[in-house]
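Structure record follows, encoded as structure tokens.
The values are calculated or read from the model by the stated rules, or taken from the named source; none is laboratory data. The structure presented is a predicted model; accordingly, all values stated were derived computationally and were not measured. Counting neighbours? That spans all protein chains shown, and the Cβs are built from the backbone with ideal geometry, glycine included. Accessible surface areas use protein heavy atoms only, side chains included; no ligands, DNA or RNA. Shrake-Rupley method; radii C 1.70, N 1.55, O 1.52, S 1.80 Å.
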Amino acid sequence: EAIKLINKLTTNFPNDPYFHELKGQIYFENGKIDRALKSYQMATNLIPGSPLLRAQLAHVQIEKNEPKFLRMAILNLLYSVSKDPTRPNVWRQLSIAYGRLNEKGKSSQALAEEAILLGRNNEAIKLAERAKKLLKTGTASWLRAEDIINLAHINLKERKVRK
């Protein structure tokens, strides 16, 4: 029934990205990944600069679990975090995509980003240290892992001062 209603809306308002997004969400939540992908792609095509839509599209692409779609998901998620790096769930999705492509260092670094945002400083340190071991020294991801370690230590010290 919901699909019938949303189909009418997307037919009557084909340039409204949020109706396509809703259609994608309905399909996604009902396990119809290919249909969800098409709807989210349409929504994203209508507003390509939306970090939220790009992250939602990436989530569906990850569920396809094919290298081509995983690489596309990473690009969408990197765009999303470049515009809004404060959403832990986007970092989690990025970690999943990297992990499925066996890029364990970048996966650990993304999980460290999630942990620092959630205030889990000790976990962020461990994940960032793991990332540094797996990444090439001096790369942007390696340097960011170093930044996360330093930030987590600062956060832990500040917490002790407040007590």
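What the table below lists for this structure:
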{"read-out": "Mean projected area in nm² (Cα convex hull; one quarter of hull surface) for region 73-163", "value": "5.6 nm²"}
{"read-out": "Largest-first ordering by accessible area, 1.4 Å probe, given options GLU146, GLU113, GLU158", "value": "GLU158, GLU146, GLU113"}
{"read-out": "Spin-label model distance (nm) - LEU118 vs THR11, 7 Å beyond Cα toward Cβ", "value": "4.4 nm"}
{"read-out": "ASN102 versus LEU75: modelled label distance in nm, points set 7 Å from Cα along the beta carbon direction", "value": "2.3 nm"}
{"read-out": "Geometric extent, Cα atoms of the chain - Rg, Dmax (angstrom)", "value": "18.4, 59"}
{"read-out": "Within-9-Å neighbourhood charge of TRP142 [Cβ basis; K, R +1; D, E -1]", "value": "+2"}
{"read-out": "Spin-label pair LEU156/LYS38, simplified geometry with 7 Å Cα→Cβ offset, distance in nm", "value": "5.1 nm"}
{"read-out": "Ellipsoid semi-axes in whole angstrom, largest first, where each is sqrt(5λ) of the Cα gyration tensor of region 113-157", "value": "18, 9, 8"}
{"read-out": "With DNA, RNA and ligands ignored, accessible area of ASP147 (1.4 Å probe; Å², nearest 10)", "value": "80 Å²"}
{"read-out": "Computed over region 76-163: relative contact order in percent, which uses C-alpha pairs under 8 Å that are six or more apart", "value": "22 percent"}
{"read-out": "Between helix 51-64 and the chain: long-axis angle, C-alpha atoms, 0 to 90°, nearest 10", "value": "90 degrees"}
{"read-out": "Relative contact order %, the chain, counting alpha carbon pairs below 8 Å whose residues are six or more apart", "value": "12 percent"}
{"read-out": "Around ALA36: net Lys/Arg minus Asp/Glu count, Cβ-Cβ under 13 Å", "value": "+1"}
{"read-out": "Mean residue ellipticity (222 nm) of the chain, computed from DSSP H runs ≥ 4 via -39,500 (n - 2.57), nearest 500", "value": "-26500 deg cm²/dmol"}
{"read-out": "Cα-based shape type of region 19-82, given that a ≥ b ≥ c are square roots of the gyration tensor eigenvalues and the cut on a/c is 1.5", "value": "oblate"}
{"read-out": "Cα lying deepest toward the dipole's positive end in the chain, options LEU57, GLN41, PRO17, charges on Cβ", "value": "LEU57"}
{"read-out": "Within the accessible area of region 41-163 (1.4 Å probe), percent carbon and sulfur", "value": "54 percent"}
